[in-house]
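*Asks:* Could you have a look at this structure, given as structure tokens, before my questions?
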Amino acid sequence: MSSSKKQKVLPDWERNVQACTKALKSLMKNPAAGAFLMPVDWKALKLPTYPKIVKNPMDLGTVLQKLEASRYAKVEDFASDVQLVWKNAKAFNLEGSDIYEVAVILERIPGEARGDERPAARGRQQGGWRWAEQRRRHARWRGAHQVQGGGA
């Protein structure tokens, strides 16, 4: 084989960063993830209790920035920050609210978190997460709130 056809062998950390980036970007493209893409602007949204309840704010955009800046030493640190997004949303929002329910659904997408879309697709086909219904609910919520950068 000529040297131009040899496959580049990446160090483990670089492969991990690529896999995490791919999984995160896939998750961020999910229509239901819109509210989680940017930090919560609690002042603009008039949510004075937000910083009292959410001690470590996190959003998917910040996770991506940290990933691109090589600020994660381990995949587990990346996964912890993604889980923190859902934990914060569920801590601040009431169970049954749209944001809470979207966080629960996104948290349950196992394939997206690993960069393997097959399990998530299988779950949608089986109707396990009532995917179409959740997308409609999220669209209604976004239409009703028209908030720019209103992450959870």
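*Asks:* Contour minus end-to-end for Ala73 and Met38, with contour as 0.36 nm per residue of separation and end-to-end as the Cα-Cα distance?
*Replies:* Working: separation 35, 0.36 × 35 = 12.60 nm, distance 2.27 nm.
Full extension from Ala73 to Met38 adds 10.3 nm.
*Asks:* What FRET efficiency do you get for Val104 and Asn16 if R0 is 22 Å and r is their Cβ-Cβ distance, rounded to the nearest 0.05? List each step's numbers first, then the result.
*Replies:* On the way: r = 27 Å, r/R0 = 1.22.
Taking R0 as 22 Å, the efficiency between Val104 and Asn16 is 0.25.
*Asks:* Something else about it: With a 10 Å radius around each residue's Cβ, average the other Cβ atoms per peptide and rank 63-76, 22-35, highest first.
*Replies:* Working: 63-76: 13.6, 22-35: 18.3.
For the peptides 63-76, 22-35, the packing ranking is 22-35, 63-76.
*Asks:* Mind giving me the FRET efficiency for Leu45 and Leu94? R0 is 25 Å, r the Cβ-Cβ distance, nearest 0.05 is fine.
*Replies:* On the way: r = 15 Å, r/R0 = 0.61.
Plugging the Cβ-Cβ distance into 1/(1 + (r/R0)^6) gives 0.95.
*Asks:* Run the Debye formula on the Cα coordinates of the stretch 49-89, all scatterers equal and no solvent, and tell me log10 I(q)/I(0) at q = 0.23, 0.32, 0.33 1/Å.
*Replies:* Calculated log10 I(q)/I(0) at the listed q: -0.73, -1.09, -1.12.
*Asks:* Collect residues whose amide H, placed 1.01 Å from N in the peptide plane, falls under 5 Å from the amide H of Val40; neighbours closer than 5 in sequence don't count.
*Replies:* Gly151
Read-outs: derived from the displayed coordinates by stated rules, not from any lab. As the structure is a prediction and not an experimental result, all values here were calculated from the model. Backbone-built Cβ (ideal geometry, glycine too); neighbour counts: all protein chains shown.
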